[in-house]
1. Please enumerate the residues belonging to region A:270-298 that are open to solvent by less than 50 Å² (accessible area, probe 1.4 Å), within 14 Å of another protein chain (Cβ to nearest Cβ), closer than 24 Å to residue A:124 by Cα and at pLDDT 90 or above.
2. Only one of these is touching a Gly at 6+ places or on another chain (Cβ under 7 Å) and either under 27 Å from residue A:152 (Cα atoms) or open to solvent by 20 Å² or more (accessible area, probe 1.4 Å) (or both): A:225, A:204, A:208, A:212. Name it.
3. Somewhere in region A:35-56, is a residue at pLDDT 90 or above, of a type in the set (D, E, K, R) and more than 16 Å from DNA strand D (Cβ to nearest atom)?
4. Counting just the residues of region B:63-72 that are part of a loop (DSSP other than H, G, I, E, B) and surrounded by fewer than 24 Cβ atoms within 10 Å (Cβ to Cβ), which one comes out modelled with the lowest pLDDT?
5. Of (1) away from chain A (no Cβ under 13 Å); (2) in contact with a helix residue (DSSP H, G or I) (Cβ under 7 Å, 6 or more places away or on another chain), residue B:17 satisfies all except one. Which?
6. Criterion first (without any contact (Cβ under 8 Å) to a residue 60 or more places away in the chain, more than 9 Å from chain A (Cβ to nearest Cβ), under 20 Å from residue B:161 (Cβ atoms) and out of contact with any strand residue (DSSP E or B) (no Cβ under 7 Å at 6 or more places or on another chain)) does residue B:132 satisfy it?
7. Identify the residue in region A:73-84 that is in a helix (DSSP H, G or I) and among the hydrophobic types (A, V, I, L, M, F, W, C) and, among all such residues, is nearest to DNA strand D (Cβ to nearest atom).
Protein chains: 2
Amino acid sequence: MPYTLKDIAEKTGVSVSTVSRVLHDNSQKYKISEDTQAKVKAVAKSFGYRVNALARGLRTQKTNEIGVIVPDISNPFFSAVIKSVAGELRKKNYNFIVYDSDEDISIERSAIKSLLEKHVDGLVIASVGQDFSHIQKIREANIPFVMVDRCFDDFDADSVSVDNVKGALLAVNHLIKSGHRRIAFIQGLPGTYANETRLEGYKSALTSAGISIDENLIVGDDFRSLNGYLETKLLLKLSNPPTAIFTAGDLIALGALEACRENNISIPDDLSLITFDDPVFTTYLSPPLSAVEQPISKIAEMAIAMLYRRMKNPNDERRKVLLEPKLNVRGSVANISTLAFIPITNNNQTGKEQINKSGSA
Amino acid sequence: MPYTLKDIAEKTGVSVSTVSRVLHDNSQKYKISEDTQAKVKAVAKSFGYRVNALARGLRTQKTNEIGVIVPDISNPFFSAVIKSVAGELRKKNYNFIVYDSDEDISIERSAIKSLLEKHVDGLVIASVGQDFSHIQKIREANIPFVMVDRCFDDFDADSVSVDNVKGALLAVNHLIKSGHRRIAFIQGLPGTYANETRLEGYKSALTSAGISIDENLIVGDDFRSLNGYLETKLLLKLSNPPTAIFTAGDLIALGALEACRENNISIPDDLSLITFDDPVFTTYLSPPLSAVEQPISKIAEMAIAMLYRRMKNPNDERRKVLLEPKLNVRGSVANISTLAFIPITNNNQTGKEQINKSGSA
DNA sequence: TACTTTACTGCAAACGTTTGCGTTAAATAA
DNA sequence: TTATTTAACGCAAACGTTTGCAGTAAAGTA
């Protein structure tokens with residue numbers, strides 16, 4: 001039973017329309033007198049009037065809300081994306097609604113359903129799956145959307161992500177230059193865009209270096225830390241174990257670290273480790289983790305910018321944008337090219353090959 | 001221009017009411033014949049009908065949505081809380097809308113305004129501020145809410161948080177037992193519930209141990225990592241620096257670690273460190289960080305449970321619930337009680353004093 | 001036969017806005 | 001004076017639902 005325009009109208013003796021116009025900045029367009037404006041505003045204030053967004057949305061067919069769906073809100077990468085998106089949207093006076101699909105496509109499906117029912121004005125999606133039939137529905141519903149981080153090669157949609165292939169190339173090439181030849185890759189969820197592209201970069205780096213691909217060194221099946229933990233344990237059991245591991249995501253790397261710690265494997269002395277993603281705490285790890293950094297705030301800004309264009313011009317050509325990754329060389333990769341044992345401190349010499357190309361492609 | 005009940009009604013030749021009843025499980029109550037049911041459902045499916053949540057909410061005065069407001073979505077603690085809350089709500093078929101107030105009370109204020117305008121059915125708030133006038137408005141609007149993590153002593157509201165005083169006591173007592181007497185406290189945002197209660201625990205631990213409180217050792221002013229970094233640098237400059245630091249939150253601890261690394265201060269040999277909060281990566285830090293863990297999923301479950309009770313019984317007595325913290329002793333605190341230098345491995349002896357009382361109070 | 005129940009469906013109001021159009025009275029123009 | 005503009009506001013429809021209340025025809029009961 002909040003106060004409504006009608007209540008204010010009755011109290012002030014003007015019509016509902018007039019109250020509406022006063023309260024929502026159409027006073028000059030409809031030339032409402034200063035007198036009534038003051039009267040209406042006073043009553044509205046004393047009533048603590050708040051517009052009913054449902055009624056307004058119903059009438060105007062516009063909600064001023066953007067829906068955001070991510071696979072895992074507790075993943076530092078996605079929470080950083082959300083944070084940036086939130087900032088961008090706030091600037092433009094949009095609200096947003098976040099859904100966590102929990103890496104589950106059926107939850108993602110129902111999240112999309114909910115958001116469409118709510119009639120959001122736009123959608124930002126980091127999709128979990130290999131299947132995009134539910135994404136199609138968004139297009140059919142005629143609501144603008146943009147995909148981030150995870151997109152589909154064979155689905156024509158606005159999307160923005162880091163250049164995963166290049167990122168993986170940077171990481172694996174760094175390992176190769178440091179003398180590694182047996183390099184394992186712990187995957188994320190197979191079939192997802194992020195995973196397949198990173199895998200592609202991994203393979204491509206190896207083959208260009210003339211290293212044959214050993215399928216036994218490509219393991220794992222999701223982006224969580226437990227996956228990294230288990231697969232690392234298994235890799236260490238191999239008769240001919242890898243000298244380096246490249247993990248597809250930060251949580252996987254954490255799991256790998258845990259496994260190493262438990263097995264008394266010292267990084268980088270016994271095993272080198274490098275990972276995709278570069279959350280805030282990598283530098284505090286022991287040792288600081290070498291990692292491929294994604295330009296998170298650029299991704300968010302670009303996503304919102306593209307969403308805006310799409311909202312303005314629904315029929316523009318659709319674009320897939322790739323942003324440049326950056327390799328941060330720290331202390332978790334040993335140079336084994338010349339000697340078996342090299343003091344850790346020497347490692348910093350490789351710091352000079354740090355690559356820093358930021359900017360968009 | 002999505003399809004509406006009216007479209008379906010026209011296509012099938014029945015009334016809008018009938019369509020509504022068929023499509024939303026009131027068929028048996030209104031005894032709709034199997035025939036019409038089938039007909040309506042078929043057409044609805046072929047149209048890809050989706051209910052308009054705005055219209056429904058307007059009509060029923062119920063949105064099935066819960067609003068959630070946190071100060072910083074990228075803080076691992078809060079993203080974990082959100083994740084748990086999301087799971088709980090999903091079980092009960094509620095949707096939820098997250099807002100990030102960015103530790104800014106004016107954003108928090110406008111978030112509350114938005115959520116009230118949207119007519120959410122309930123609210124979960126981790127408030128940033130010292131002021132609760134805007135929270136009062138939620139009560140005036142008569143919508144159920146519960147405060148988590150950060151609540152107000154002098155504001156009677158449902159709330160659930162960890163027992164901060166006890167948590168701080170656990171941490172500081174552990175330091176004291178390890179022989180420390182000069183113990184610094186790097187605060188979070190002064191005036192907030194979390195900070196003041198942790199400060200209280202800190203002081204209380206010192207005084208019970210007969211250690212006088214040195215105001216020079218109580219520093220800092222927010223929960224971010226930069227704060228920890230700066231204050232640690234300053235503490236190290238003191239003519240009589242502390243032997244141990246207790247930080248009010250995980251990000252502060254990260255900042256402290258960074259400062260120590262830069263100054264070549266070895267933890268725990270040169271300085272002991274212990275912190276409130278225990279995010280997933282503490283165990284991978286160098287050294288693994290001793291920390292006070294909050295029962296995050298219990299907090300979330302309890303919050304939602306309380307919210308439910310409040311929604312059922314709006315006039316129940318209000319409760320403030322405190323959950324038990326847990327001290328996780330790891331490797332970042334040195335025992336200096338007997339000797340100046342003790343091998344790190346000895347430290348694990350203190351492991352037996354690990355306290356693990358879970359459950360609610 | 002007459003009356004009551006039952007199965008099934010429709011009418012229409014209501015939720016709180018926004019907005020095109022119309023209306024009135026005063027001001028201005030011719 | 002009359003015609004036209006302008007300032008200020010109200011009417012009423014529309015957005016898409018839900019739901020209490022009627023209403024009708026058939027079936028059951030006495």
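The values are calculated or read from the model by the stated rules, or taken from the named source; none is laboratory data. All values derive from a computational prediction rather than experimental measurement. Backbone-built Cβ (ideal geometry, glycine too); neighbour counts: all protein chains shown. Note: areas computed on protein heavy atoms with side chains; ligands, DNA, RNA excluded. Shrake-Rupley method; radii C 1.70, N 1.55, O 1.52, S 1.80 Å.
1. A:277, A:278, A:296
2. A:225
3. Yes, because at least one residue in region A:35-56 is at pLDDT 90 or above, of a type in the set (D, E, K, R) and more than 16 Å from DNA strand D (Cβ to nearest atom).
4. B:72
5. In the conditions (1) away from chain A (no Cβ under 13 Å); (2) in contact with a helix residue (DSSP H, G or I) (Cβ under 7 Å, 6 or more places away or on another chain), residue B:17 misses (2) alone.
6. Considered against the rule, which asks whether it is without any contact (Cβ under 8 Å) to a residue 60 or more places away in the chain, more than 9 Å from chain A (Cβ to nearest Cβ), under 20 Å from residue B:161 (Cβ atoms) and out of contact with any strand residue (DSSP E or B) (no Cβ under 7 Å at 6 or more places or on another chain), residue B:132 comes out as yes.
7. So the residue we want is A:82.
Condition check ((1) among the charged types (D, E, K, R); (2) assigned to a strand (DSSP E or B)) across all residues:
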{"residue": "A:93", "(1), (2)": "no, no"}
{"residue": "A:96", "(1), (2)": "no, yes"}
{"residue": "A:102", "(1), (2)": "yes, no"}
{"residue": "A:107", "(1), (2)": "no, no"}
{"residue": "A:110", "(1), (2)": "no, no"}
{"residue": "A:124", "(1), (2)": "no, yes"}
{"residue": "A:130", "(1), (2)": "no, no"}
